[in-house]
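Chemist: Dropping the structure in here first, questions after.
The values are calculated or read from the model by the stated rules, or taken from the named source; none is laboratory data. Every value quoted in this text rests on a predicted model; they were computed, and no experiment measured them. In this analysis, Cβ positions are derived from the backbone assuming ideal geometry, glycine residues included, and neighbour counts consider all displayed protein chains.
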Amino acid sequence: MKSRILFIVILFGVALYAGDPGNDVLLKKAEKLMLLNPKAAFKIADKAYRSNTLDHKETIHSLFILTNTSNLLQNPPDVIRYGNEALKIADNGDDVITKIKILGILGNTYQFLKLNEKTRIYLDQAELLLNSPKIPDSLNLVKGNIYYLKGMNYFYGLDSDIALSYFNKAISQYVNSKNPLAEINIKIAYLNKGYCLINQKKFSEALENLKLASVSPNESSRPYPPQFADLQDVFIELGKARILSAEANPQLSNAMLFDILEKRKNQPYRDDIENDIYELLATNFLQLRDIEKHDYYESLFLKQVDKSNYEAAVWVNKLIAQESLENEKQTTKLNHKYWLLITFFSLILGSVIIFLCFITIRTEQKRRLLKKDVSENI
């Protein structure tokens, strides 16, 4: 289901800064390019950020674009680097909304890296901030996205009951949102709610939600993003195949799965979808007592799992190396500050000592002169 995470990342990101233009022309241009050309948007925002001529609001805006485009480009170290930098300086009331958005992206990034506990820490912070008086009721889309991401976190943590409650919260927010992107995100929320219900073997309810997740171009107030409708249809069909498998109808389930594989040749996100299909095919062939085919598809599934775990481990190691480097820089910077303070106080102390010595010498000179005068007068 990694494709589902990726898609909500895109929609979450665009929704975050929609309608909040920056003062700088470069940032406005970068914001418009975020979805169309995230690499170009990143370069523009990076140039603006490095210029050191931005005010507080523009700095936050540039860091948001850098965080979001790094997210779209699936570069976790940069997401975490720029996201945490944004959180450090988002310290006034006007920045609460930005903090929520950044926390959502960071939480989603840690979910991508399969660090569930770390994910929950960031999403819990975001949810807590949703109760801030600075958050207007009109931000339904932002609230819905945070609830959706929390639902996915619990879904991956195999707690379908809590996941369902958050998906319902997200859907409620999307329904009340006037942002066109909510029309897309609600479809994704219905889809994953359907998958939760499949896990709970509530197949009738699951089918209802899968039906609500289906996409019709005529029902949206704006064009759906490229490939969204195709991907949504694929995961709906995969959900139905799961239900057939759970209802002891592996032949029909397999027919649907092979049909999906045929249609998805040379399409984006093929690996992730194939991995889900291989897992279900292995289960189905085990039901059919075809051990040879079960072993074959299970081996394909496990191979993809190992690959995915390895990729996640590589990213985590890069993050550890990045954090170590940052810690070294901070330690060096802190040591430099200590040396400057020591030098400063040493100069102050030295000046005081010299001044006291000077005063002492002058006093001693005066005392000797006075003593001399007294002796001569006697």
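Chemist: Among the residues of the stretch 237-282, how many are within 21 Å of Leu302 (Cα to Cα), of a type in the set (S, T, N, Q) and at pLDDT below 95?
Modeler: 1
Chemist: Also, I was wondering about something else. Return the pairs, sorted by first residue and then second, in which the second residue is surrounded by fewer than 21 Cβ atoms within 10 Å (Cβ to Cβ) and assigned to a helix (DSSP H, G or I), the first residue lies in the stretch 228-248 and is at positive phi and among the aliphatic types (A, V, I, L, M), the beta carbons are less than 8 Å apart, and the residues are 6+ apart or on different chains.
Modeler: Ala248/Gln287
Chemist: Restricting to the stretch 275-317, count the residues that are closer than 15 Å to Leu244 by Cα and of a type in the set (Lys, Arg).
Modeler: Total meeting the criteria: 0.
Chemist: Taking Asn284 as meeting all but one of (1) under 33 Å from the mean Cα position of the chain (by Cα); (2) surrounded by 15 or more Cβ atoms within 10 Å (Cβ to Cβ); (3) without any contact (Cβ under 8 Å) to a residue 60 or more places away in the chain, write down the number of the exception.
Modeler: The number of the failed condition is (1).
One line per residue, one yes/no per condition, for (1) surrounded by 20 or more Cβ atoms within 10 Å (Cβ to Cβ); (2) under 22 Å from Glu311 (Cα atoms); (3) in contact (Cβ under 8 Å) with a residue 12 or more places away in the chain:
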position	(1), (2), (3)
Glu31	yes, no, yes
Asn52	no, no, no
Asp55	no, no, yes
Leu73	no, yes, yes
Ile80	yes, yes, yes
Ala90	yes, no, yes
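Chemist: Against the definition (at pLDDT 90 or above, closer than 17 Å to Asn209 by Cα and aromatic (Phe, Trp, Tyr)), how does Tyr148 come out, yes or no? Even if it seems obvious, please write down each step before you answer.
Modeler: Values: at pLDDT 90 or above: yes; closer than 17 Å to Asn209 by Cα: yes; aromatic (Phe, Trp, Tyr): yes.
Here the answer is yes, as Tyr148 does meet what is asked.
Chemist: Looking only at the stretch 170-177, decide whether some residue is polar (S, T, N, Q), closer than 25 Å to Leu113 by Cβ and part of a helix (DSSP H, G or I).
Modeler: At the first step, the residues of the stretch 170-177 found to be polar (S, T, N, Q) are 172-173, 176-177.
Applying the additional criterion that residues be closer than 25 Å to Leu113 by Cβ yields none.
No: the stretch 170-177 contains no residue that is polar (S, T, N, Q), closer than 25 Å to Leu113 by Cβ and part of a helix (DSSP H, G or I).
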